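Enquirer: This is the structure, below, for whatever I ask next.
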Amino acid sequence: MALGKKQFQIRAVLASFFFLFVLVLGIYIFDAGHSVTNLPVTSVINISADLCCMALGYVLFICSIVDRSHNEKNLNVYLLLLFTCFSSAFLDEVCWLVDGNLSHIYLNMIANSFYFMGSPVMAFLFWRYVVSYLDVENKNLKRINFMLAAGLLVAVLTRMLNPLYGYYFYIKPDGYYQRGNLFLLSNLYPYATMILTLLLVFLTRKRFKTYQIVILYLYAFFPLAIGVLSVFTYGLSLSSPVIMLVLLLMYCVLNVIQSRDRSIYDNELQMANAIQEGMLPHTFPPYPERTEFDLYASMNPAKVVGGDFYDFYMPDDDHLVITIADVSGKGIPAALMMMVTKTLIKNRGLSDFRDCGKILSSVNEQFCENNELDMFVTVWFGVLTISSGKLRYANAGHEYPAIMRKDQKFELIKDHHSPPLGCMDGINYIEETTVLNPGDVIYIYTDGVTEANNSKHELFGEKRMLKALNHPFNGDMMLLNNNIIDSLNRFINGSEQFDDITMLGLKYNGTKDSGKAGIGMKQLKVTANISELDQVLSFADSILEEMECPMKIQMQIDIAIEEIFVNIAHYAYPDGEGEAVIEVETDENANSVKITFIDQGTPYDPLQNKDPDITLSADDRPIGGLGIFMVKKSMDEVSYEYKDGTNQLTIRKNF
């Protein structure tokens, strides 16, 4: 699992203190516990080599932490190699210091036992280093890795049992170390693992450069040579210093070259980032001369380049198009797909912005034609009619937008979710409609906001997002954006950003005539339940009163509203409750009103029924049909349309 920057820094500091403490301890016990003149020459040579090894290990650790040019797996394994070699050098020093000291026989046994564990651990880590350097995992490698891990466990267990049986080594009664009868077998696992690793390097040599192969072979050759030499001679244990020198060589050659290659790659990424940022509008306010609306947007990629994007443009003087999208995947592939998707959507949005659903359907067909990588894109696409505040939009698998009505709080719009672009062809995306009144704000975003993780692996979520949105922002869209960013930063608290974070806020200020009677359209969305009737009537009456509608006509309209809404509440959703949308649209002269009732219930055209015969008595006349008949008689126009999966019944009344 990837470590966040702050977590990595904490662990690096702790490990640095450990390296420094052990190094100082090694120097102290050598200086304070023994006189150099009392130690055998071989002991002094070995201890001095171990101390130099530890000092070099500490310097290498600091350099590796500061540089961090490895990939993460590669760096972790290299640091573990460094740690194991460093610890082995310290244990070797202890072994030489207490060898022959009768008062420290048990310490001699323990130190040698742990020292013996170092060689199989370092051999296994060398294998893992090569595999991580190749950055490849397949079934065969996984099997070999499992076998080597099992072999390492056996090797460690046999060394733990050695103090009981003494088959690898034992401590003689005079306090001196002595090899056991099976000493040679202790080298079986390390040698076999090293040879297997060299075989892997040979088989994959085409993926390495010549100098890389040489360095990796040297890492295996020198410890093997020292090991073979130690079989026939006793007195010098230089394996840890030799391995540390090879680790230094690995750092100086492999890591420095890797840093150069990474630097070139980073420069190319920076260029790609500059190109990607250049494709996104980033001048705010974007239209200083337009006072009808205000917007602000931002994108913070998880990597240098990302797959999210936002866009906005005006195809004519009365329409504003806003888009936000999230391409599956990360990095360069997602960035390339982002630029393609943005171009396709904008081309369609500029040429024909009258139906948001058809725009996404068209782009989806183009997207599916050559989508060999099976990538997909979630998109929220909307078109605002500036003069009326009418907002038409379509959602292709994207996050629910949040809306704040004037002087109220933000809440999510649970709009219709269609599949993302690129999943399958032949999808008909549905356009939906809402109305922004002066002072209303809509906020669209990508899942990088709600799915941001902290160190406890908790999600930021919709509740925290809405809470951040409802912080005071005084109608300033930049401040609204910054409130979200600040809340995210406090929540994440230094954890690594795993996904792109993109957002766009739009505030509708309205035209100079907005809010006056007789202009524009307003919308109310309620549950299709009879209990909501009073709210529906109050909504319509408030608009009619602003228009100074005559009381007699207002009463006729109220009766028609009640008849239609009660029918929707009773019959539209036989399997449960659904939503009903009431749109009230008035003309410029304030002499007529058009009210549209929209539901997603069972398709039904009430105008198909024959008008009841009102000459018959109530007992002789069939039940039903009288209510809609009264509506048709009292209104100047009544029409029905089934569109995009919704029943739409419209009434018009002239004053």
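The values are calculated or read from the model by the stated rules, or taken from the named source; none is laboratory data. Since the model is a prediction, treat every value here as computed from it, not as a measurement. Using ideal geometry, Cβ is built from the backbone for each residue, glycine included, and neighbour counts are taken over all protein chains shown.
Enquirer: For Asn181, are the conditions met, namely being buried (at least 18 other Cβ atoms within 10 Å of the Cβ), closer than 29 Å to Met109 by Cα, at pLDDT 80 or above and in the same structural domain as Tyr133 (by TED's automatic domain parsing)? Break it down into steps so the answer makes sense when it comes.
Expert: On the way: buried (at least 18 other Cβ atoms within 10 Å of the Cβ): no; closer than 29 Å to Met109 by Cα: yes; at pLDDT 80 or above: yes; in the same structural domain as Tyr133 (by TED's automatic domain parsing): yes.
Criteria not met by Asn181.
Enquirer: Additional query: Only residues that are within 18 Å of Ser388 (Cα to Cα) and more than 28 Å from the chain's Cα centre (by Cα): list them for the range 287-332, please.
Expert: Scanning the range 287-332 gives Arg290, Thr291, Glu292, Phe293, Asp294, Met314, Pro315, Asp316, Asp317, Asp318, His319, Leu320.
Enquirer: Follow-up question, since we're still on this one. Check whether at least one residue in the range 118-130 is out of contact with any Leu (no Cβ under 9 Å at 6 or more places or on another chain) and under 18 Å from Thr193 (Cα atoms), and report yes or no.
Expert: Here is the first cut: in the range 118-130, the ones out of contact with any Leu (no Cβ under 9 Å at 6 or more places or on another chain) are 119.
If we keep only those that are under 18 Å from Thr193 (Cα atoms) as well, we get 119.
Yes - at least one qualifying residue is present in the range 118-130.
Enquirer: Please go through the range 485-509 and pick out each residue that is within 22 Å of Leu436 (Cα to Cα) and aliphatic (A, V, I, L, M). So that I can check it myself, show each step before the final result.
Expert: Narrowing the range 485-509 to residues within 22 Å of Leu436 (Cα to Cα): 503-509.
Correct list: Met503, Leu504, Leu506.
Enquirer: On to the next question. Considering only residues that are under 25 Å from the mean Cα position of the chain (by Cα), surrounded by fewer than 17 Cβ atoms within 10 Å (Cβ to Cβ) and either touching a residue at least 60 places away in the same chain (Cβ under 8 Å) or in a helix (DSSP H, G or I) (or both), which ones fall in the range 353-387?
Expert: The answer is Cys368, and nothing else.
Enquirer: Taking the stated definitions as given, is Leu200 touching a residue at least 60 places away in the same chain (Cβ under 8 Å), surrounded by 15 or more Cβ atoms within 10 Å (Cβ to Cβ) and over 25 Å from Leu238 (Cβ atoms)?
Expert: Numbers: touching a residue at least 60 places away in the same chain (Cβ under 8 Å): yes; surrounded by 15 or more Cβ atoms within 10 Å (Cβ to Cβ): yes; over 25 Å from Leu238 (Cβ atoms): yes.
So Leu200 fits the description; yes.
Enquirer: Here is a follow-up. Within the range 540-566, work out how many residues are in contact with a Gly (Cβ under 7 Å, 6 or more places away or on another chain) and part of a helix (DSSP H, G or I). Give the steps one after another, and end with the answer.
Expert: Quick first cut of the range 540-566, residues in contact with a Gly (Cβ under 7 Å, 6 or more places away or on another chain) only: 547, 563.
Okay, now just the ones that are also part of a helix (DSSP H, G or I), so 563.
Going through the range 540-566 one residue at a time, the tally reaches 1.
Enquirer: List the residue pairs whose Cβ atoms are under 6 Å apart, where the first residue sits in the range 388-415 and is more than 18 Å from Glu583 (Cα to Cα), the second is among the charged types (D, E, K, R) and not in a loop (DSSP other than H, G, I, E, B), and the two are 6 or more positions apart or on different chains.
Expert: Listed by first residue and then by second, the contacts come to Glu399/Asp447.
Residue-wise test of (1) farther than 25 Å from Ala335 by Cα; (2) under 17 Å from the mean Cα position of the chain (by Cα).
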{"residue": "Gln408", "(1), (2)": "yes, no"}
{"residue": "Ile413", "(1), (2)": "yes, no"}
{"residue": "Cys423", "(1), (2)": "no, no"}
{"residue": "Gly426", "(1), (2)": "yes, no"}
{"residue": "Ile442", "(1), (2)": "yes, no"}
{"residue": "Tyr445", "(1), (2)": "no, yes"}
{"residue": "Asn474", "(1), (2)": "yes, no"}
{"residue": "Tyr508", "(1), (2)": "yes, no"}
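Enquirer: Under 8 Å between Cβ atoms, which residue pairs at least 6 apart in sequence (or on different chains) link something in the range 325-352 that is on the phi > 0 side of the Ramachandran plot with a partner that is assigned to a helix (DSSP H, G or I) and not small (Gly, Ala, Ser)?
Expert: Here the result reads Gly329/Met337, each pair linking the range 325-352 to a residue that is assigned to a helix (DSSP H, G or I) and not small (Gly, Ala, Ser).
Enquirer: Out of the range 550-604, which residues are among the charged types (D, E, K, R) and under 14 Å from Met635 (Cα atoms)? Quick ask: steps written out before the conclusion?
Expert: Kept after step one, since they are among the charged types (D, E, K, R), are these residues of the range 550-604: 552, 558, 562-563, 575, 577, 579, 583, 585, 587-588, 594, 599.
Of everything in the range 550-604, those that are among the charged types (D, E, K, R) and under 14 Å from Met635 (Cα atoms) turn out to be Lys552, Asp558, Glu562, Glu563, Lys594.
Enquirer: Count, please, the residues in the range 148-178 that happen to be touching a strand residue (DSSP E or B) at 6+ places or on another chain (Cβ under 7 Å) and exposed (fewer than 15 other Cβ atoms within 10 Å of the Cβ).
Expert: So the count comes out to 2.
Enquirer: What about Phe90, is it surrounded by fewer than 22 Cβ atoms within 10 Å (Cβ to Cβ), in a helix (DSSP H, G or I) and in contact (Cβ under 8 Å) with a residue 24 or more places away in the chain?
Expert: Details: surrounded by fewer than 22 Cβ atoms within 10 Å (Cβ to Cβ): no; in a helix (DSSP H, G or I): yes; in contact (Cβ under 8 Å) with a residue 24 or more places away in the chain: yes.
For Phe90, the condition - surrounded by fewer than 22 Cβ atoms within 10 Å (Cβ to Cβ), in a helix (DSSP H, G or I) and in contact (Cβ under 8 Å) with a residue 24 or more places away in the chain - is not met.
Enquirer: Now, a different point. Applying the selection to the range 210-221, what residues are over 12 Å from Tyr191 (Cα atoms) and either surrounded by 13 or more Cβ atoms within 10 Å (Cβ to Cβ) or at pLDDT 75 or above (or both)?
Expert: At the first step, the residues of the range 210-221 found to be over 12 Å from Tyr191 (Cα atoms) are 210-219.
The answer is Thr210, Gln212, Ile213, Val214, Ile215, Leu216, Tyr217, Leu218, Tyr219.
Enquirer: I need the full set of residues from the range 457-473 which are surrounded by fewer than 16 Cβ atoms within 10 Å (Cβ to Cβ) and of a type in the set (Lys, Arg), in order please.
Expert: Once the filter is applied, which keeps residues that are surrounded by fewer than 16 Cβ atoms within 10 Å (Cβ to Cβ) and of a type in the set (Lys, Arg), the range 457-473 yields Lys463, Lys467.
Enquirer: With the condition kept exactly as written, say whether any residue in the range 422-434 is surrounded by 21 or more Cβ atoms within 10 Å (Cβ to Cβ), acidic (Asp, Glu) and within 25 Å of Pro301 (Cβ to Cβ).
Expert: no
Enquirer: When both residues are 6+ apart or on different chains and their Cβ atoms are under 7 Å apart, which pairs have a first residue that lies in the range 228-255 and is under 17 Å from Tyr58 (Cα atoms) and aromatic (Phe, Trp, Tyr), and a second that is at pLDDT 65 or above and not in a loop (DSSP other than H, G, I, E, B)?
Expert: If the second residue must be at pLDDT 65 or above and not in a loop (DSSP other than H, G, I, E, B), the pairs left are Tyr251/Leu60; Tyr251/Cys63; Tyr251/Ser64.
Enquirer: For Val121, only one of the following conditions fails: (1) surrounded by 13 or more Cβ atoms within 10 Å (Cβ to Cβ); (2) more than 20 Å from Leu238 (Cβ to Cβ). What is its number?
Expert: (2)
Enquirer: Residues being buried (at least 22 other Cβ atoms within 10 Å of the Cβ) and either under 25 Å from the mean Cα position of the chain (by Cα) or hydroxyl-bearing (Ser, Thr, Tyr) (or both): count how many of those fall in the range 389-401. Steps first, please.
Expert: Filtering the range 389-401 for residues buried (at least 22 other Cβ atoms within 10 Å of the Cβ) gives 389, 391, 393-396, 398-399, 401.
Subsequent filtering for residues that are either under 25 Å from the mean Cα position of the chain (by Cα) or hydroxyl-bearing (Ser, Thr, Tyr) (or both) retains 393-396, 398-399, 401.
Within the range 389-401, residues that are buried (at least 22 other Cβ atoms within 10 Å of the Cβ) and either under 25 Å from the mean Cα position of the chain (by Cα) or hydroxyl-bearing (Ser, Thr, Tyr) (or both) number 7.
Enquirer: Still on this model: Could you grab me the full set of residues in the range 412-421 that are at pLDDT below 90 and of a type outside the set (Ser, Thr, Tyr)?
Expert: Within the range 412-421, the first condition is being at pLDDT below 90, and the residues that meet it are 413-418.
Those that are at pLDDT below 90 and of a type outside the set (Ser, Thr, Tyr): Ile413, Lys414, Asp415, His416, His417.
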